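Student: One structure is given below, represented as structure tokens, and several questions about it will come after.
The values are calculated or read from the model by the stated rules, or taken from the named source; none is laboratory data. If you're wondering where the values come from, they're calculated on a predicted model, not measured in any experiment. Backbone-built Cβ (ideal geometry, glycine too); neighbour counts: all protein chains shown. Note: accessible area is taken over every heavy atom of the protein model, side chains too, but ligands, DNA and RNA are not part of it. Shrake-Rupley method; radii C 1.70, N 1.55, O 1.52, S 1.80 Å.
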Amino acid sequence: MESFKIRKITSLWIIVVLTLFIVSIVLGILMRLNQGEIIHQSPAGFYVNMTTHGLTMIGIWFVAGMAAVNYLMERYVKTSYGANLFAFVFTVIGILMLWTATFIGKFHAAWTFLYPLPLKIMWAKWATPLFLFSLAVLGLGWLVWSISLMAKILKKYSISQAFAWQHFKKNPKVETPPFILISMITLIGVIACLIAAVILLVLFFAEYFSNGSFVNDALLMKNLTYFFGHTIANEMLYLGLAVIYELFAELSGRPKWKTTWYVALAWNFTLIFILTAFFHHLYMDFVQPEGLQIVGQLASYLASLPAAGVTVFSIWVAVYRTKINWSLTNLLFFMGVAGWVIGGLGAVIDATISNNFVLHNTLWVPAHFHTYNAMGNVLFSLAFFNWFSTQCTNQIKKESFVKLKLSLLLIGGIGFLLAFYIGGADSIPRRYSNYPAEFPMAAPLAAGAALFATFYLIAILLFFFNISKKCVKIMSSPTSLS
Ligand code: HEM
Ligand SMILES: [Cu+2]
């Protein structure tokens with residue numbers, strides 16, 4: 001009975017995420033078509049699409065990772081169905097409020113809604129408070145969910161076990177599964193950044209409702225914004241990694257990965273540095289204390305390298321010179337790790353202060369974060385969706401269009417990303433609805449990117465039909481069968 005409930009809600013998450021994903025990709029293609037001068041939107045229309053695309057994408061891939069982690073965590077601890085459902089309802093309501101604020105109210109201050117933009121009202125007056133409330137609703141749902149999952153971990157594992165500290169000694173008595181360790185590390189970061197978001201929203205509201213008598217400190221607001229934005233965007237990748245650590249070896253017919261001292265050390269390091277890497281978003285802010293800029297650069301390296309090193313090493317050991325049972329699921333995991341690492345390298349290049357002088361706010365930025373999202377984290381989640389839906393409907397070994405789906409995904413994804421990278425290397429700025437004549441390459445690149453993104457979209461549609469069909473079956477199966 002209980003396991004049916006978690007299967008049903010997980011199916012529901014998957015269908016909603018994939019549906020919102022398709023809409024968001026279409027918005028992305030419309031942006032590229034507009035930048036490519038194939039279609040002509042008003043600037044406000046472009047920025048409405050950009051804001052909706054960015055926030056929806058961040059939101060859905062965060063909840064996709066959470067839903068997967070919640071499902072798999074049932075293998076170790078009993079999780080709260082109520083918290084999962086609560087987060088689902090709040091996510092749906094939050095997204096509807098957000099889309100009302102953007103599509104109808106024309107709110108368009110980008111996904112980072114950097115202070116003071118939301119208060120410089122260039123749209124329906126009600127759209128600003130509705131936008132801020134929509135984020136509050138989303139944040140509340142996710143905060144409750146994250147705290148609940150962490151509390152369930154801590155019910156079974158002590159704090160030091162949850163961090164796998166006993167693995168620093170020889171022959172530990174209790175083993176902390178890598179999945180639990182990574183989930184714990186990630187949930188702490190998620191909770192920290194959601195609390196920062198609450199503070200940020202309160203400060204926005206205070207100024208909005210004070211009618212000019214209270215004015216915020218712009219530097220504080222920017223620090224809070226990126227503590228929230230950078231951290232959530234990174235933590236959602238780690239949710240995907242937790243899933244890989246749990247499933248990759250199992251699905252490849254290899255012994256399950258264990259926590260060793262270096263795995264424990266790498267992830268403990270990641271926890272510390274992930275929370276200070278966000279300073280790299282403020283390199284151009286001369287009023288930011290210089291010490292924090294240095295912390296930002298160091299932490300950017302230290303937050304990414306240990307986790308990436310250990311993960312790549314584990315995958316390498318798992319696949320090198322051994323017979324692997326390759327399936328769509330572990331192929332997606334494998335390709336996703338490659339995308340994650342390549343995008344991560346692009347990020348580290350940009351987070352190096354001397355390079356940031358050149359690359360700051362060029363297309364290099366969407367280049368690297370689309371690499372580890374569209375070709376990294378999305379593939380992690382697709383792998384989970386595919387595994388979950390097949391395993392729950394007992395439709396093993398009936399994988400259709402595997403080669404076609406993967407080729408479209410790869411060719412479409414790489415072509416779409418290359419246009420961003422070439423544009424970034426050519427100093428073309430990001431977030432321009434129309435490119436000035438000084439950048440003759442920008443529009444053709446954008447038009448080409450739209451074409452490749454359409455291949456990617458077709459692959460996702462194929463995934464959507466296949467996976468959601470199975471998810472509908474899971475949801476309509478009678479609960480009494482267990
Ligand atoms: C094929 C799929 C996708 C397409 C065609 C697409 C397209 C775009 C485009 C054209 C932009 C604006 C770039 C600019 O600054 O000029 C953008 C921004 C963005 N995209 Fe995507 N994207 C895709 C997938 C994703 C995914 C999977 C994520 C997941 C996190 C994502 C998150 C974002 C974010 C956060 C922004 C920044 C919005 C802002 O600047 O406020 N996108 N995307
Ligand atoms: Cu960042």
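Student: Kindly provide the helix-only [θ] at 222 nm of the chain, computed as the sum of -39,500 (n - 2.57) over DSSP H runs of four or more divided by all residues, to the nearest 500 deg cm²/dmol? Show your work: numbers first, answer last.
Tutor: Working: 15 runs with 343 residues, N = 482.
Calculated mean residue ellipticity at 222 nm is -25000 deg cm²/dmol.
Student: Which percent of the accessible area of the chain is formed by carbon and sulfur heavy atoms (probe 1.4 angstrom)?
Tutor: Result for the chain: 72 percent of the exposed heavy-atom area is carbon or sulfur.
Student: State the three equivalent ellipsoid semi-axes of the chain, derived from the C-alpha gyration tensor as the square roots of 5 times its eigenvalues, in descending order and whole Å.
Tutor: That gives 33, 26, 24 Å for the three semi-axes.
Student: Ordering MET221, MET57 by how much accessible area each has at a 1.4 Å probe, largest first, what is the list?
Tutor: Details: MET221 0, MET57 35 Å².
The ranking, largest first, comes out as MET57, MET221.
Student: Among LEU149, GLY139, PHE286, which residue has its Cα furthest toward the positive end of the charge dipole of the chain, with +1 on Lys/Arg Cβ and -1 on Asp/Glu Cβ?
Tutor: The residue sitting farthest along the positive end of the dipole is LEU149.
Student: Please compute the per residue accessible area over the chain with all protein chains in place, 1.4 Å probe, rounded to a whole number of Å².
Tutor: Ligands and nucleic acids excluded, the result is 41 Å² per residue.
Student: Moving on to the next point. Have a look at PRO444, LEU219, CYS193 and report the one farthest towards the positive end of the charge dipole of the chain, computed about the Cα centre with Cβ charges (Lys/Arg +1, Asp/Glu -1).
Tutor: The listed residue farthest towards the positive side: CYS193.
Student: Give the long-range amide H neighbours of THR362: residues separated by 5 or more places, or on another chain, with amide H under 5 Å away, using H modelled in the peptide plane at 1.01 Å from N.
Tutor: ARG430
Student: Next up: Please state the charge dipole magnitude for the chain, taken about the Cα centre, from unit charges on C-beta atoms (+1 on K and R, -1 on D and E), reported in debye and rounded to the nearest 20.
Tutor: For the chain, the charge dipole is close to 1780 debye.
Student: When only alpha-carbon atoms are used, what values of Rg and Dmax, in angstrom, describe segment 338-394?
Tutor: That works out to 15.6, 53 Å for Rg and Dmax.
Student: A follow-up question, please. Got a sec? Charge dipole of the chain, +1 on Cβ for Lys and Arg, -1 for Asp and Glu; which of PHE248, ILE411, ALA303 is way out at the positive end?
Tutor: PHE248
Student: Which chymotrypsin sites (Phe, Trp or Tyr not before Pro) does segment 116-215 hold that lie in a coil by DSSP with at most 14 other beta carbons within 10 Å?
Tutor: Counting only loop positions with at most 14 other Cβ atoms within 10 Å, the chymotrypsin sites (Phe, Trp or Tyr not before Pro) in segment 116-215 are TRP126, PHE214.
Student: Report the full-extension gain for the segment PHE133 to LEU410: residue separation times 0.36 nm, less the Cα-Cα distance, to one decimal in nm. It would help to have the intermediate numbers written out before the result.
Tutor: Numbers: separation 277, 0.36 × 277 = 99.72 nm, distance 3.78 nm.
Going from the current span to full extension adds 95.9 nm.
Student: Which order, highest average first, do 76-88, 285-297, 449-461 follow once you tally other Cβ atoms within 10 Å for each residue and take the mean per peptide?
Tutor: Ranked from most to least packed, the peptides come out as 449-461, 76-88, 285-297.
Student: Still on this structure, I have one more. What aspartates and glutamates does LYS78 reach when the alpha-carbon gap must be under 19 Å and sequence neighbours fewer than 8 apart in one chain are set aside?
Tutor: The qualifying aspartates and glutamates are GLU2, GLU175, GLU246.
Student: Now for a separate question. Could you list the chymotrypsin sites (Phe, Trp or Tyr not before Pro) in segment 308-371 that lie in coil according to DSSP, counting only those with at most 12 other Cβ atoms within 10 Å of their Cβ?
Tutor: Sparse-neighbourhood loop chymotrypsin sites (Phe, Trp or Tyr not before Pro): TYR320.
Student: Continuing with this model, one more query. What does the charge count around ILE458 come to, taking other residues whose C-beta lies under 15 Å from its C-beta (Lys +1, Arg +1, Asp -1, Glu -1)?
Tutor: So the environment of ILE458 carries a net charge of +2.
Student: Hey, which of these cross-link pairs are over 19 Å Cα-Cα: LYS5/LYS405; LYS323/LYS405; LYS8/LYS473; LYS403/LYS473; LYS5/LYS470? Can you show the working numbers first?
Tutor: Numbers: LYS5/LYS405 30 Å; LYS323/LYS405 24 Å; LYS8/LYS473 10 Å; LYS403/LYS473 25 Å; LYS5/LYS470 16 Å.
Check vs 19 Å cut-off fails for LYS5/LYS405; LYS323/LYS405; LYS403/LYS473.
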